[in-house]
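The values are calculated or read from the model by the stated rules, or taken from the named source; none is laboratory data. The structure presented is a predicted model; accordingly, all values stated were derived computationally and were not measured. When we count neighbours, we look across all protein chains shown, and the Cβ atoms used for this are built from the backbone with ideal geometry, even at glycine. The area values use the complete protein model at the heavy-atom level, side chains included, leaving out ligands, DNA and RNA. Shrake-Rupley method; radii C 1.70, N 1.55, O 1.52, S 1.80 Å.
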Amino acid sequence: PPVDRPLGTLALLKELRRNPVATWTRLHYDRLLLSGESILGKIVVVSDPALIRHILVDNVANYPKDRLQQRVLSSGLGRGLLLAEGDNWRMQRRALAPLFTPRTVMSFQVAMADVASELVERWDRQRDGRRLDASREMARATLHVLARTIFSDGLGRRTEDFIAAVTRYLEAMGKLDPLDILDMPAWIPRVGRLKARSTLQFFDGVVTTMIEERRSLIQKSPEAAPRDLLTLLLEAADPESGEGLSEDDIKANIVTFIAAGHETTSNTLTWALYLVSQDPHARARLEAEVDRELPDGRFVPGSIDALPYTRAVIDEALRLYPPAATLTRDAIGPDMLGTLRVKAGGRIVISPWVLHRHNKLWPSPGVFDPNRFLEPNKQSIDRFAYLPFGAGPRVCIGASFAIQEAVIILATVVRRYRLDLCAGHVVMPLQRVSLRPQGGMPMLASQRNRD
Ligand code: HEM
């Protein structure tokens, strides 16, 4: 439950470090625009869809990403697409567009279906009727999807080491450092970041080797090179200038895809499994859909549109537990937000978490109801009241990749298993790199169908 009053400075600092999502007060869920002083300086929290549109679309040039997130993330992601600004961002966004066209994303359905099938087959061998941590299982699956869609099978035996390294690295990066919250100079070492350094070096080594191997394969026989994200990155060029990506840009974007696309998608799946386990009606409907559409237990590439309810469950999980729980921007010049004057340097917070649970924007906001996202109900949702992937020119480039992946994995899991939350486990959302369940999601898996 939200707290009633804003927290004092020390309590707020402590809570921001422990769990930023717990700092929202009751007022935030009732008001569409709130401004106030805090240890982060003057902050404006915007939940009015029309004003969000103004910030993310109409006057976007005035609202670049804020320094805090730039600083927290930049040691690993360099100047990849997520953190680039200005002309460099525009150039990268144009160059990377071919990696995420509907056609390219669709071509990844086979890899996603393979990973999903391997996941349930592994459970078949070890887990029937047993306890598992759904959050760990989903994290593994989404990392395997990234390993396959970026490198095809190129990582080979290195896959597990690679996956372990990414997990360790994101763990170290996931906690807001008080020095960053207080905007202290970047040269003061952050303990968490130091721990991550050796992992980053290992990671850099693997990626460098993968790029070299692929370059030489493309030179020898271009047709033999798989059409995965790595090949597409090596081919990527700004259509306006013809300029390709530098070696550093390529590496930064591989790290970016993994950091931005791994935990976000795995947490979406974990929350979806949790929500479904709490709602017998939704569960029955989901099971009926996947039993009908995955008769052999396997997702058939090309059949995403036959799974509208599965998709609606994912959309609703993204509403209640948006992995990117806050979006932040700094105003570079003065502006008016409705009647509120924003000064240059003012920090703007748009919180999908608050927005998606706002009393003025959603009927029964706390209730899990996938029907909201079925046609025709979906039509009445304001585009700027639902922002799991952001909006405007900086909208998530991987949104359709992530949705497709989540639908395929959820459908395959539910087709074969029913998951129930372990008795006595208290579920708490914790905001780290993304919004994850504190202490994982212990669930009991029982087999529904043996194919
Ligand atoms: C940007 C959410 C999956 C790559 C974003 C933004 C959000 C978001 C909210 C905008 C941030 C802002 O405006 O401040 C999510 C969620 C995902 C997901 C909830 C999963 C459910 C992915 C995947 C990839 C990816 C799978 C890549 C494979 C990116 C990149 C950007 C981005 C590169 C930066 C785009 C730009 O600034 O031009 N994501 N994302 N994301 N996302 Fe995702």
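H358 is checked against (1) within 29 Å of R31 (Cα to Cα); (2) within 20 Å of the chain's Cα centre (by Cα); (3) more than 12 Å from the ligand (Cβ to nearest atom) and fails just one. What number does that condition carry?
(2)
Would you check which residues across region 407-424 are in a strand (DSSP E or B) and open to solvent by 50 Å² or more (accessible area, probe 1.4 Å) and list them?
Passing the criteria: R418, D420.
Looking at D305, D248, can you tell me which residue is exposed (fewer than 13 other Cβ atoms within 10 Å of the Cβ) and within 16 Å of the ligand (Cβ to nearest atom)?
Being exposed (fewer than 13 other Cβ atoms within 10 Å of the Cβ) and within 16 Å of the ligand (Cβ to nearest atom) holds for just one of D305, D248, which is D248.
Scan G333, G392 and give me the residue that is open to solvent by 20 Å² or more (accessible area, probe 1.4 Å), within 30 Å of N59 (Cβ to Cβ) and over 16 Å from the mean Cα position of the chain (by Cα).
None of the others qualify; the one that does is G392.
Looking only at region 391-428, count how many residues are within 14 Å of the ligand (Cβ to nearest atom) and on the phi < 0 side of the Ramachandran plot.
19
Could we say that E223 is under 21 Å from F108 (Cα atoms), assigned to a helix (DSSP H, G or I) and away from the ligand (no atom under 16 Å from the Cβ) here?
When the stated conditions are applied, E223 passes them.
Does at least one position in region 189-205 carry a residue that is under 22 Å from the mean Cα position of the chain (by Cα) and either at pLDDT 90 or above or among the aromatic types (F, W, Y) (or both)?
yes
Looking at region 290-327, which of the residues that are over 24 Å from the mean Cα position of the chain (by Cα) and in contact (Cβ under 8 Å) with a residue 24 or more places away in the chain is nearest to V46 (Cα to Cα)?
V290
Out of region 58-97, which residues are at pLDDT 90 or above and touching a helix residue (DSSP H, G or I) at 6+ places or on another chain (Cβ under 6 Å)?
Within region 58-97, V60, Y63 qualify.
Which residue, of V21, V46, is open to solvent by less than 90 Å² (accessible area, probe 1.4 Å), among the β-branched types (V, I, T), in contact with a Phe, Trp or Tyr (Cβ under 7 Å, 6 or more places away or on another chain) and modelled with pLDDT of 70 or more?
V21
Taking T231 and the conditions (1) at pLDDT 95 or above; (2) surrounded by fewer than 16 Cβ atoms within 10 Å (Cβ to Cβ), which numbered condition does it fall short on, given that it satisfies the others?
Just one mismatch for T231, condition (2).
Condition first: open to solvent by 10 Å² or more (accessible area, probe 1.4 Å) and among the aliphatic types (A, V, I, L, M). Now tell me which residues in region 52-67 satisfy that.
V57, V60, A61
I'd like to check something: does region 339-359 contain any residue that is touching an Asp or Glu at 6+ places or on another chain (Cβ under 8 Å) and either outside the structural domain of V57 (by TED's automatic domain parsing) or assigned to a helix (DSSP H, G or I) (or both)?
Among the residues of region 339-359, not one is touching an Asp or Glu at 6+ places or on another chain (Cβ under 8 Å) and either outside the structural domain of V57 (by TED's automatic domain parsing) or assigned to a helix (DSSP H, G or I) (or both), which makes the answer no.
With the structure loaded, tell me whether R298 is in the same structural domain as S117 (by TED's automatic domain parsing), within 14 Å of the ligand (Cβ to nearest atom) and either buried (at least 21 other Cβ atoms within 10 Å of the Cβ) or not in a helix (DSSP H, G or I) (or both) or whether it fails that test.
Considered against the rule, which asks whether it is in the same structural domain as S117 (by TED's automatic domain parsing), within 14 Å of the ligand (Cβ to nearest atom) and either buried (at least 21 other Cβ atoms within 10 Å of the Cβ) or not in a helix (DSSP H, G or I) (or both), R298 comes out as no.
Looking only at region 370-389, filter to residues that are charged (D, E, K, R) and surrounded by fewer than 18 Cβ atoms within 10 Å (Cβ to Cβ); which one of those is farthest from the ligand (Cβ to nearest atom)?
E375
What pairs can you find where one residue is in region 425-439 and open to solvent by 30 Å² or more (accessible area, probe 1.4 Å), the other is acidic (D, E), and their Cβ atoms are less than 7 Å apart, with a gap of 6+ or different chains?
V433/E263; R436/E263
Please verify whether region 255-266 includes one or more residues that are in a helix (DSSP H, G or I), within 19 Å of V367 (Cα to Cα) and more than 10 Å from the ligand (Cβ to nearest atom).
no
Within region 108-130, track down each residue that is in a helix (DSSP H, G or I) and either within 13 Å of the ligand (Cβ to nearest atom) or within 16 Å of I397 (Cβ to Cβ) (or both).
Once the filter is applied, which keeps residues that are in a helix (DSSP H, G or I) and either within 13 Å of the ligand (Cβ to nearest atom) or within 16 Å of I397 (Cβ to Cβ) (or both), region 108-130 yields A111, M112.
Restricting attention to region 367-381, which residues are under 24 Å from T326 (Cβ atoms) and free of Cβ contacts under 8 Å to residues at least 24 places away in the same chain?
V367, I381
Is it fair to say A272 is modelled with pLDDT of 95 or more, of a type in the set (G, A, S) and surrounded by fewer than 22 Cβ atoms within 10 Å (Cβ to Cβ)?
So A272 fails the test.
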